[in-house]
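J.: Starting off with a structure, shown below.
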Protein chains: 2
Amino acid sequence: MKLATVLIGRKLANREGETRKLTSLEGLPAMGLDGLGSSAYGPEAALTILLPAGAAGVREIGPVMAAVLVLLGLLYLSYWQTIEAYPSNGGAYTVAKENLGQPAGLVAATALMIDYVLNVAVGISAGIGALTSAAPSLHPYTLWLCLAVLLLITLVNLRGTLESGLVFALPTYVFVASFVGIICFGCWRALAAGGAPTPVVPPPRMQAASEAVTLWLLLRAFASGCTAMTGVEAVSNGVSAFREPPVTHAHRTLTAIVFILGLLLAGIAFLAHAYGIGAMDQTKPDYQSVLSQLCGAVIGRGWLYFVAIGSLLAVLSLSANTSFVDFPRMCRLVAVDGYLPHAFAQPGRRLVFSAGILGLSATAGLLLAVFGGITDRLIPLFAVGAFLAFTMSQTGMAMHWYRRLRQRRSIGTLFRLTINGTGACVTICALAVIVAAKFLEGAWITVIAIPLVLGGLLLIHRYYDQAERQLADRSRLDLDEIAPPIAIIPVKRIDRLFLLAIAYALRTSPEIFAVHVLRGDELDARADRHSFRKEWRERVHGPIEARGLRPPVLTQVSSEYRSVAGPLLKLVGELRRKHPRRAISIVLPELVKAHWWDFLLHTGRAMRLRRMLLRHGGPDVAVATVPWTLEEPHPEQAIAEEDPDLAKRAARRGRA
Amino acid sequence: MKLATVLIGRKLANREGETRKLTSLEGLPAMGLDGLGSSAYGPEAALTILLPAGAAGVREIGPVMAAVLVLLGLLYLSYWQTIEAYPSNGGAYTVAKENLGQPAGLVAATALMIDYVLNVAVGISAGIGALTSAAPSLHPYTLWLCLAVLLLITLVNLRGTLESGLVFALPTYVFVASFVGIICFGCWRALAAGGAPTPVVPPPRMQAASEAVTLWLLLRAFASGCTAMTGVEAVSNGVSAFREPPVTHAHRTLTAIVFILGLLLAGIAFLAHAYGIGAMDQTKPDYQSVLSQLCGAVIGRGWLYFVAIGSLLAVLSLSANTSFVDFPRMCRLVAVDGYLPHAFAQPGRRLVFSAGILGLSATAGLLLAVFGGITDRLIPLFAVGAFLAFTMSQTGMAMHWYRRLRQRRSIGTLFRLTINGTGACVTICALAVIVAAKFLEGAWITVIAIPLVLGGLLLIHRYYDQAERQLADRSRLDLDEIAPPIAIIPVKRIDRLFLLAIAYALRTSPEIFAVHVLRGDELDARADRHSFRKEWRERVHGPIEARGLRPPVLTQVSSEYRSVAGPLLKLVGELRRKHPRRAISIVLPELVKAHWWDFLLHTGRAMRLRRMLLRHGGPDVAVATVPWTLEEPHPEQAIAEEDPDLAKRAARRGRA
């Protein structure tokens, strides 16, 4: 308990939930890291595709990025409308579910879940990859460093969204300030020099063209450039994380993210063209990223260069955090609908959905371990999920407007339908190109994983459905037979624990059957059958008879198979045949385990026995546990830990 | 359950215990592997020490091994007497405990426990080391191969001692037959050639002497040669594994082991001298073990050579098995005395002490993982434990004879005292030399581990002691107050599960308090406070009132901290203040979990709540669990699995 408090913080009350929520200013670092970080790899991915076309290719970056920006604009408008239409979490899951039906919603949810997990793994491994290329001596520890960062992000998120937003605010704002500054300064210089500025540090010479610019090349460049848009959906998935009024805060955060991202993308495209900066082969030793070349060309290799590049690395590796904000929120929605374990719908001690955070962390950790923490192996699996979710969300919104249009014709609705319809078409095309281009490199894993996860969700739903059908009962209470139960009590030796148990049995049942099982093992061998009967008469039977009560019936069984559950279940069966309408209560004394060493030092027999009896006893058999605690119980302390309000109220009453 | 049956076999009855035990013929492979395997490294270790003295050193192997043989003879006599004096397990623990007191016994037990664990790790890693030097492509998988062999040996031992004896019989007897044959043949040829036989394959030339033969060198050679004796104590520790009469069987097995071991050691020493075979530097690439040179010299490199060397490797890697026979038996004795968790004293489904087997396996696995499965790193830790245990056992036996001598003077007892006294002196000297020679190489780890483990044993004892003092109660049953308990029942919603629980509460208690806790989380939000009261009146309150019973008192609490345990514990406190003499029974409905997925799909809240209430409710609070099983219970099947006898008896009665 103490450790949890140190690591995660004190338990929070429901009423503190509102103050734990984000303003739009805090929302940018909490939900924008993924989207903003994309500016680092989106243009670079497009330029990499254009690489074989040489300088002619770089000239085409303008139109390609313009198309990306148009799509970004479409997505912005769409998500603006989505947030408005679904103010309590308008993620792809909700939008697809409401407009296209539950199956479509689950497809979107699955796609997003996979994408969030990949985003965590890719983000962290990219950050650590940059660190280890700066300090090669750390290279053998890549995986351990990745897992350490994962653990850190997990802990920060278990503490709560507010904290994680604050922790990640500094690198985010440094990144935004430095890159927006550098790009504006670069554009001003380029325009001042009539479109042909002199670079401070000239970018490396571009290689000669080996391919002509074709439409297919431009399409592929566009599809790769689309990775710049991953993370834009984050705000719509996390509306409930914002403070009142959530729609306003969400709109502001979305606008800030898209505006900054658009500015960065447009600026990078313009400057790449103006300075003649192309992508470089990442496998070559003199590799430099596009943003590194760009910063060098505009401002040289001064301290500002290192601040900008440093903040970029931080943003990349912390972009995993966006998933930690959204994944648990989406899982909660899916769990409330019964497609994920109920634990995902329960707020933890810090009012975050701990099961989602831990699930995300475990899955991403597994993925990092399997792929050894190497980014290049993970990247091809990525973006499939994001674009599938975009498509589902856009199609859902298009259906939304289409239905409204059929109710009432309006030019505004038609316009909105056009936006979302176009968006859906473009994102599905981009998805097809991404899958086709990356299938053999690893996208097949995602393509296989989606139906598997989907199947899992459906199985979970079937399970809950069946359980609910059994438990739901609209009948009134049946009180035909409310005779006290017959009690059964196993006895090993007559000690304080057993005396407590028999006292409980006497309180609740007029008929008691005690079963002394001799298991023939070392610890029991001392308890001799005969001497036990003598002790029984003296210490149990006698006092009960003297009090005028019906004494327990003692039977002694020697179990050749060292089983206590077997003889007890057999007795239950016999009693049920004799008294078919009577309930049976099995009384088990239990040494309460409070510490981990208690579990090591006591055998699990009592627990196993209880489970066997509950599982196979039948519906009219209850198991009553009579506890003995080796350490003093501290109810006041327990109440204070569980619910500080109750403790405070009790203290106030005490003073009054 | 099915998987356990396939892997480990059906559950065995106590009466099958006798047939599961070993005859002396089966005892040799079960307990002799460790001792016989020692012949491979004992003489080699002595020759390695003599290496710097060159050919002059090899000539001294005769006297050194003669001393070892004398000590072996002493140990043989001592253990023969020990088995006779302690027919129900006369291991070092018992002998030291009975004659020198509990602390000495615990020291011996600790030393043996550490030695057994090391024996497992060293044996397996030596075997796998030999395998990977034969097939270098397997080298990267050393650790995994070690762990696979460990798993296999563990499973075979969980099936039972009898099976493990049978599985390991073949390599043992092949080893004994081939080496005894080779050595006899070699001796015959050497004697026929007048002490200077011509080798079939000449051993490599010995290096020139760099040191003179000194007494210290001879002492160190003797101490190293003493490792040939590790494993001799195995039989005395495992007497209870033998069939009736155990002493006779144990004596026979001990004699067979010591006789064969002595023959091998004497033969190896004689032939090494006759053929001029010395140890070689193990780090050099052309390294050959002493036994390999010897076989080559006597019979050449034919198929018999490969059979002999192959059986040697098998014996080495399976010598771990000896620990699996003895470690659990010794741990049982220590656990019965309350110095190890009780689980170590409980026979498992196959009548072996599963906790000991699993504990040994886990510790050895950890050791293998930490040391990467490399033998050389483990060897220096070894033998310290064995010789400490020898010393404790010999000293204990000496004390045994000394006491008897003081009671009645007898020349036989004096002779026995002399044997054991000498044995104790020699083994303690050997121990001192081993620790001194190997301290920095790793023996320090063992020297530190012994007090740590010892401290652990004492802490465990203190725990059990305190628990026992609380539980032991010689008083009679107190029946002053046996009014029915007050029932408390938490309610989430009115479903079948809750109706069962309230029916149970009505059967056992005249007063019931129902607590409806609104936790303010997603899954509960639907249950509105007001509509719940309406449903309660209709489906619960109404029928109970109509039946003329006192209806439950319903309180609704909204818990800002989402805690159910808090409000319940508070109510317990209030009721206890009002009715200090009344017992309280908390009735919890529980969805019984039968499969692993049940645990994933249901939150652990019910379990946590039960534990909190048991831990902090106080001694007069019992927790009654009313179960609902999602799947049909199968009591007959459960009884048949738990205790086949009961099922058979029921079936017979059914037929009659």
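The values are calculated or read from the model by the stated rules, or taken from the named source; none is laboratory data. Worth saying up front: this structure is predicted, and the values here are computed from it rather than measured. When we count neighbours, we look across all protein chains shown, and the Cβ atoms used for this are built from the backbone with ideal geometry, even at glycine. Ligands, DNA and RNA are stripped out before the accessible areas are found, and what is left, the full protein with its side chains, is counted by its heavy atoms. Shrake-Rupley method; radii C 1.70, N 1.55, O 1.52, S 1.80 Å.
J.: Being open to solvent by 40 Å² or more (accessible area, probe 1.4 Å) and either facing chain B (nearest Cβ under 10 Å) or hydroxyl-bearing (Ser, Thr, Tyr) (or both) is the filter here; which residues of region A:641-656 pass it?
T.: A:641, A:649, A:650
Here is a yes/no grid of residues against (1) open to solvent by 10 Å² or more (accessible area, probe 1.4 Å); (2) among the acidic types (Asp, Glu); (3) under 21 Å from the mean Cα position of the chain (by Cα):
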| site | (1), (2), (3) |
| --- | --- |
| B:30 | no, no, yes |
| B:41 | yes, no, no |
| B:49 | yes, no, no |
| B:71 | no, no, no |
| B:89 | no, no, yes |
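J.: Further, regarding this structure: Pull up region A:59-69, narrow it to residues that are of a type outside the set (Gly, Ala, Ser) and over 11 Å from residue A:218 (Cα atoms), then point me to the one that is most open to solvent (accessible area, probe 1.4 Å). Lay out the reasoning, then the answer.
T.: We begin by selecting, within region A:59-69, every residue of a type outside the set (Gly, Ala, Ser); these are A:59-61, A:63-65, A:68-69.
Pick out the ones that are also over 11 Å from residue A:218 (Cα atoms) and you get A:59, A:68-69.
On the way: A:59: 132, A:68: 0, A:69: 51 Å².
My answer is A:59.
J.: For region B:388-402, indicate whether the set of residues that are farther than 15 Å from residue B:323 by Cβ, surrounded by fewer than 21 Cβ atoms within 10 Å (Cβ to Cβ) and either acidic (Asp, Glu) or in contact (Cβ under 8 Å) with a residue 40 or more places away in the chain (or both) is non-empty. Reasoning before the result, please.
T.: Within region B:388-402, the subset farther than 15 Å from residue B:323 by Cβ is B:388, B:390-402.
Now narrow it down to the ones that are surrounded by fewer than 21 Cβ atoms within 10 Å (Cβ to Cβ): B:402.
Restricting the remaining residues to those that are either acidic (Asp, Glu) or in contact (Cβ under 8 Å) with a residue 40 or more places away in the chain (or both) gives none.
So far as region B:388-402 goes, no, none of its residues is farther than 15 Å from residue B:323 by Cβ, surrounded by fewer than 21 Cβ atoms within 10 Å (Cβ to Cβ) and either acidic (Asp, Glu) or in contact (Cβ under 8 Å) with a residue 40 or more places away in the chain (or both).
J.: Go over the candidates B:180, B:201 one by one and state the one that is more than 31 Å from the chain's Cα centre (by Cα) and at pLDDT 85 or above.
T.: That would be B:180, the only listed residue that is more than 31 Å from the chain's Cα centre (by Cα) and at pLDDT 85 or above.
J.: Under 6 Å by Cβ, and 6 or more places apart or on different chains, what pairs join a residue from region B:207-225 that is in the same structural domain as residue B:286 (by TED's automatic domain parsing) and in a helix (DSSP H, G or I) with one that is surrounded by fewer than 20 Cβ atoms within 10 Å (Cβ to Cβ) and at pLDDT 80 or above?
T.: Sorted first by the residue in region B:207-225, then by its partner, the pairs are B:222/B:67; B:223/B:433.
J.: Okay, moving on. Looking at B:155, B:145, B:118, which is the one that is surrounded by 24 or more Cβ atoms within 10 Å (Cβ to Cβ) and at pLDDT 85 or above? I'd like the intermediate steps shown before the answer.
T.: Working: B:155 fails: surrounded by 24 or more Cβ atoms within 10 Å (Cβ to Cβ); B:145 fails: surrounded by 24 or more Cβ atoms within 10 Å (Cβ to Cβ).
Every option except B:118 fails the conditions.
J.: Suppose the filter is assigned by TED's automatic domain parsing to the domain that holds residue A:322 and surrounded by fewer than 15 Cβ atoms within 10 Å (Cβ to Cβ); does residue A:418 pass it?
T.: Here the answer is yes, as residue A:418 does meet what is asked.
J.: Still on this structure, please answer the following. When you check residue A:485 against the structure, is it more than 12 Å from chain B (Cβ to nearest Cβ) and open to solvent by less than 30 Å² (accessible area, probe 1.4 Å), yes or no? Can you show your working first?
T.: Numbers: more than 12 Å from chain B (Cβ to nearest Cβ): no; open to solvent by less than 30 Å² (accessible area, probe 1.4 Å): yes.
It is false that residue A:485 is more than 12 Å from chain B (Cβ to nearest Cβ) and open to solvent by less than 30 Å² (accessible area, probe 1.4 Å).
J.: Another question, then. Only one of B:604, B:617 is assigned by TED's automatic domain parsing to the domain that holds residue B:519 and at pLDDT 85 or above; which?
T.: Selected residue: B:617, the only one of B:604, B:617 that is assigned by TED's automatic domain parsing to the domain that holds residue B:519 and at pLDDT 85 or above.
This table checks each residue for (1) of a type in the set (Gly, Ala, Ser); (2) within 27 Å of the chain's Cα centre (by Cα).
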{"residue": "B:232", "(1), (2)": "no, yes"}
{"residue": "B:264", "(1), (2)": "no, no"}
{"residue": "B:268", "(1), (2)": "no, no"}
{"residue": "B:272", "(1), (2)": "yes, no"}
{"residue": "B:280", "(1), (2)": "no, no"}
{"residue": "B:288", "(1), (2)": "no, no"}
{"residue": "B:291", "(1), (2)": "no, no"}
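J.: Enumerate the helices (runs of 4 or more DSSP H) found wholly within region B:541-617, keeping only those where 3 or more residues are under 25 Å from residue A:630 (Cβ atoms), open to solvent by 20 Å² or more (accessible area, probe 1.4 Å) and more than 7 Å from chain A (Cβ to nearest Cβ).
T.: Numbers: elements: B:542-546, B:565-578, B:596-601, B:605-616.
Per the criteria, B:605-616.
J.: Can you confirm whether residue A:298 is among the β-branched types (Val, Ile, Thr) and buried (at least 23 other Cβ atoms within 10 Å of the Cβ)?
T.: Judged against the criteria, residue A:298 is a match.
J.: Do any helices (runs of 4 or more DSSP H) lying entirely in region A:443-538 carry at least 1 residues that are over 18 Å from residue B:482 (Cα atoms), and which ones are they?
T.: By residue number, A:444-471, A:529-536.
J.: Could you identify the single residue in A:469, A:496, A:474, A:462 that is out of contact with any Gly (no Cβ under 9 Å at 6 or more places or on another chain), at the interface with chain B (Cβ under 7 Å from one of its Cβ atoms) and open to solvent by 40 Å² or more (accessible area, probe 1.4 Å)?
T.: So the residue among A:469, A:496, A:474, A:462 that is out of contact with any Gly (no Cβ under 9 Å at 6 or more places or on another chain), at the interface with chain B (Cβ under 7 Å from one of its Cβ atoms) and open to solvent by 40 Å² or more (accessible area, probe 1.4 Å) is A:496.
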